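One structure is given below, encoded as structure tokens.
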Amino acid sequence: MASAIFAISGATICGFWSSSSTRISIDTRRAVNRVNTLRRIRHALLSTSEGRLLLAVLSTLAIGMFFYMRVEGWSFIDALYFCVVTLTTIGYGDLYPTRDVSKLFTVVYIITGLGMLASFINLIAQRRLRRTEERAQGFRTRSSRDTLSNMHKDETE
């Protein structure tokens, strides 16, 4: 009788441990996959000049947002809005720094951030222009090839 109880309880415990280890194994595999995905993203960002520039622009926005949220007491949305409006030189004037330290920070923020954002926008524009030119070149090449093959067909007929 005692051995039957031990066998049943032992089977239950072994079943629990085996299902727990499977669950832990699946969770571990998911965590490793997430880490590998983050590593690939980090490598993609840091291996190209576009990625490094994007990271610099996002960091600049984050630093500005954090500063204005802490010093001016603005909400996340207000700080993001002010940083984007300021760095894109739109400047609606509905939000503005009220403290001297914020005004000094804004001067430095504009000087450093404007150049970075302008470089990033220029890089995106150059990339789009290059892709458009490559597509047009491919279209011209296909059109020329089609025209030549049609001329060749006409000559052989």
Amide H of residue 96 versus every other amide H placed in the peptide plane: which residues, excluding those fewer than 5 positions away on the same chain, fall under 5 Å?
none
For the stretch 80-91, what does the Karplus curve 6.51 cos²θ - 1.76 cosθ + 1.60, with θ = phi - 60°, yield as ³J(HN,Hα) per residue in whole Hz, taken in order and with x for Gly and Pro?
4, 4, 4, 4, 5, 5, 6, 6, 8, 6, 6, x
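For the peptides 123-133, 98-108, what is the packing order when you average, over each peptide's residues, the other Cβ atoms within 10 Å and list the highest mean first? Don't skip to the end; give the middle numbers.
On the way: 123-133: 10.8, 98-108: 12.4.
So the order, starting with the most tightly packed, is 98-108, 123-133.
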Summing Lys, Arg as +1 and Asp, Glu as -1, what charge do residues with Cβ under 14 Å from the Cβ of residue 32 carry, residue 32 excluded?
+4
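Read-outs: derived from the displayed coordinates by stated rules, not from any lab. Here the structure is a predicted model, which means the values were calculated and not measured. Methodologically, a virtual Cβ is constructed for each residue, glycine included, from the backbone with ideal geometry; neighbour enumeration extends over all protein chains shown.
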